[in-house]
Amino acid sequence: MNDDPLSRTFASGANHPADKEKNAMIDAMMRDLIGRRHRTSWFLGAVGAVLSLVTAGAFATSIAGQGDGADLWTALPPLALCWGLLLLVGRPHRRHLRDHGAAGRTLPDSVAAMLDANRAGRLRLLFVGGAWLVMLPLLLLALDGLQAGGKMAPDHAGQFLALAGGALLLVILGGAAHYRLNLLPEQRRLEALLRDYAG
């Protein structure tokens, strides 16, 4: 027995649920979808604000002469990767808002919008996971530069590496669990619903 309310609605009445049921499901999906959109927008905005502060701080320190110039060049590759990741993660979100901004008029339209939001969520996980794998070598280079310049003790570098490795492990495990337990089942369910409705 399928306990998913959307699936039950589609299954009722030979895929022609009553208007009241359809409207209730559209409303529920749109509340969920709008919540996802707002959370993603706030997250991207917060990350962009933090990156802007860090980038401005790095340049301000270099311009003020508090660094030796090498500090800025050591910080640039990780910062560039973070900005690139933010742009990559933001593109599917912007495309989703552009293509499905008016979703909610019909049940298939709402399901298609939910499926597109699911696709954007899966892309975000892949981008973040890939960026972490690229970030580790850059962090190693940055740490090496800081140690060579006498800005960081080897003990502190080891602690930082342990912290970064733990964060990477948490990101990978958390992302894999979210993908496997939430996004993938939702994708399959929504695709099946669209096929049933079309058929």
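Structural remarks
- Residue check for residue 67: farther than 28 Å from residue 168 by Cβ, in contact with a helix residue (DSSP H, G or I) (Cβ under 7 Å, 6 or more places away or on another chain), at pLDDT below 90 and not aliphatic (A, V, I, L, M): no
- Residue count for region 148-161, restricted to those that are farther than 17 Å from residue 138 by Cβ and assigned to a helix (DSSP H, G or I): 5.
- Residue in region 169-184 that is among the basic types (Lys, Arg), more than 30 Å from residue 26 (Cβ to Cβ) and open to solvent by 50 Å² or more (accessible area, probe 1.4 Å) present: no
- Every pair of residues 6+ apart whose Cβ atoms lie under 8 Å, when the first sits in region 156-172 and is touching a residue at least 40 places away in the same chain (Cβ under 8 Å) while the second is part of a helix (DSSP H, G or I) and of a type outside the set (D, E, K, R): 171/128; 171/129; 171/132; 172/129; 172/132
- Number of the condition not met by residue 156 [criteria: (1) exposed (fewer than 15 other Cβ atoms within 10 Å of the Cβ); (2) under 21 Å from residue 36 (Cβ atoms)]: (2)
- When region 1-58 is limited to residues that are open to solvent by 50 Å² or more (accessible area, probe 1.4 Å) and acidic (Asp, Glu), the one that is modelled with the highest pLDDT turns out to be 32.
- Residue check, residue 145 of a type outside the set (A, V, I, L, M), open to solvent by less than 80 Å² (accessible area, probe 1.4 Å), modelled with pLDDT of 75 or more and within 21 Å of residue 81 (Cα to Cα): no
- Residue that is modelled with the lowest pLDDT [pool: residues in region 70-121 that are surrounded by 15 or more Cβ atoms within 10 Å (Cβ to Cβ) and of a type in the set (Val, Ile, Thr)]: 74
- Residue match in region 126-133 (condition: aliphatic (A, V, I, L, M), at pLDDT 85 or above, assigned to a helix (DSSP H, G or I) and within 30 Å of residue 26 (Cα to Cα)): yes
- Any chance residue 153 is modelled with pLDDT of 75 or more and in contact with a Leu (Cβ under 7 Å, 6 or more places away or on another chain): no
The values are calculated or read from the model by the stated rules, or taken from the named source; none is laboratory data. Only a predicted model underlies this, so the values are computations on that prediction, with no experimental measurement involved. Here Cβ is always computed from backbone atoms with ideal geometry, including for glycine, and neighbour counts include all displayed protein chains. The accessibility values were calculated without ligands, DNA or RNA, using every heavy atom of the protein model including side chains. Shrake-Rupley method; radii C 1.70, N 1.55, O 1.52, S 1.80 Å.
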